[in-house]
Amino acid sequence: MHINENYRNLKESYLFSNIAKKVSEYSAAHPQAKLIRMGIGDVTLPLPKATVDAMVEAAREMGKRETFRGYGPEQGYGFLKESIAAYYARRGVMLDEHEIFVSDGAKSDLGNILDLFTEENVALIPDPVYPAYVDTNIMAGRRVLYMEANEGNGFLPLPDYAVDADIIYLCSPNNPTGAVYGKAALSAWVEYAHAKSAVIFFDAAYEAFIADPSLPRSIYEIPGAKSCAVEFCSFSKIAGFTGTRCGYTVVPKGIMNGELNRMWLHRQTTKFNGVPYIVQRGAAAALTEEGFGQCMANISYYKENARIMAEALESLSIWFTGGKNSPYIWLRCPNGSKSWDFFDTLLKEANVVGTPGAGFGNNGEGYFRLTAFGNREATVEAMERIKELLG
Ligand code: MLT
């Protein structure tokens, strides 16, 4: 047998596994330390009540002969696809139900969609960015070009026509920087994608955190995007589904006269058996008026955490961005520290866990990400500890 040697080109382990390992080693050596975790962007509030009620009801249905269900449609039940289409329609974006594919999350789909593209394609990926984009391309042996995201461009790079790329990754609101593209900038990317016959992978996992109504929450708010962009979204950060698992991908029929949509359907029906009925009922409930209100109440709670974090950093005169339209705060490491050094200092001296910016790419060196997904008491306590350490 011959293994996929591209795996040898990956870093030793995935960023968040690496952090988890370091933290568990530290914890084992210092069992008395009261660690506060602001590293991986994992939610802490329980699921919205409407979602729980819907899942309990769905579980009951599964326990009765008359309402039991076996395999569902691989691309998702009609009731959830209709709810997702209505969610977009409320923002003026009209989607055909057959363009929506329900899955177990955006991360899986972002990796799986690469099945549809040969390894000759060149991927254009912002630096810094969510590490799964880069690693999934390295696994396939694809060439990756980076676009510089930095303080100078507000961590929102624009197209450079001198660069030829086939697959363009955009994440807005951005993980890790919290920066959000405006309509003009996204239009520039759509224009570039058309000029280069490229496809855009638009990761909208954090769209519900956008507070400013002038900022686009979907790339399909941009004219021309339906013939060049695939959008990935998830219930993880919106409805607290990180452990429940449900997301969706929109593959418009406008791309290559519907061929990409047909290929994705073929791929999903061949390699995927769908998301559990119970989970899909929970996801649909999160998009009802009642459920979405509960989701937004949770998001407001996290945003208040972000405000508390921002206030603490301001009091320390530490430069940062994000937090207003995103659950992430991206800060410049104090005293010119390197990201991993600051990670160690914060872990050892304040027992606070964050994510080193360097883990998101070379341009992340010297920066650090904190998440606002913690509980209130822990967030306040972490900021007190940071102020004591750095003040
Ligand atoms: C993060 O911390 O960047 C996210 O939780 C990762 C993810 O959504 O998979």
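Here are the numbers:
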read-out: Computed magnitude of the charge dipole of the chain (debye, nearest 20; Cβ of K, R +1, Cβ of D, E -1); value: 660
read-out: Per residue accessible area in Å² of the chain, where ligands, DNA and RNA are left out and the probe is 1.4 Å; value: 44
read-out: Fraction of accessible area attributable to carbon and sulfur, region 189-241 (%, probe 1.4 Å); value: 50
read-out: Under Karplus coefficients 6.51, -1.76 and 1.60, residue-wise ³J(HN,Hα) of region 242-258 in Hz, glycine/proline x; value: 4, x, 8, 6, 7, x, 7, 10, 9, 10, x, 6, x, 8, 6, 6, x
read-out: For the chain, built as a Gaussian network whose Cα springs stay under 10 Å, the top-fluctuating residue of 297, 372, 50; value: 297
read-out: Leading residue at positive end of dipole, region 50-287 (Cβ point charges), from 264, 133, 220; value: 264
read-out: Taking the chain and dividing mean pair separation by its residue count, relative contact order in percent (alpha carbons under 8 Å, at least six apart); value: 23
read-out: Cα-based Rg and Dmax for the chain, where Dmax is the largest Cα-Cα distance (Å); value: 21.0, 66
read-out: Residue with peak Gaussian network fluctuation, the chain [Cα springs, cutoff 10 Å], from 68, 16, 320; value: 68
read-out: Protein accessible area in region 276-389, 1.4 Å probe - carbon and sulfur %; value: 47
read-out: Restricting region 119-207 to chymotrypsin sites (Phe, Trp or Tyr not before Pro) in coil, as DSSP defines it, with at most 15 other Cβ within 10 Å; value: 161
read-out: All lysines inside 23 Å of residue 271 as judged from Cα atoms, apart from same-chain residues fewer than 8 positions distant; value: 81, 107, 253
read-out: Over the chain: helical MRE at 222 nm, DSSP H runs n ≥ 4 each giving -39500 (n - 2.57), nearest 500; value: -11500 deg cm²/dmol
read-out: Inter-centroid distance (Cα atoms) of region 1-72 relative to region 154-181, Å; value: 27
read-out: Distance from region 111-125 to region 186-219 (C-alpha centre basis), Å; value: 19
read-out: Dipole-positive endmost among 111, 278, 73 within the chain (Cβ charges, Cα centre); value: 278
read-out: Among 42, 344, 96, residue whose mean-square fluctuation peaks in a GNM of the chain (springs only between Cα atoms under 10 Å); value: 96
read-out: Note, ³J(HN,Hα) from phi for region 28-42, Karplus 6.51, -1.76, 1.60, rounded to Hz, x at Gly and Pro; value: 5, 7, 10, x, 7, 5, 9, 6, 10, 9, 10, x, 5, x, 9
read-out: Fraction of antiparallel bridges per DSSP, the chain only, in percent to nearest 5; value: 50
read-out: For residue 323, residues with placed amide H under 5 Å, excluding near neighbours; value: 328
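The values are calculated or read from the model by the stated rules, or taken from the named source; none is laboratory data. These numbers come from a predicted model, not from an experiment. Glycine gets a Cβ as well: all are built from the backbone with ideal geometry, and neighbour counts include every protein chain shown. We work out accessible area using only protein heavy atoms, side chains counted, and drop any ligands, DNA or RNA first. Shrake-Rupley method; radii C 1.70, N 1.55, O 1.52, S 1.80 Å.
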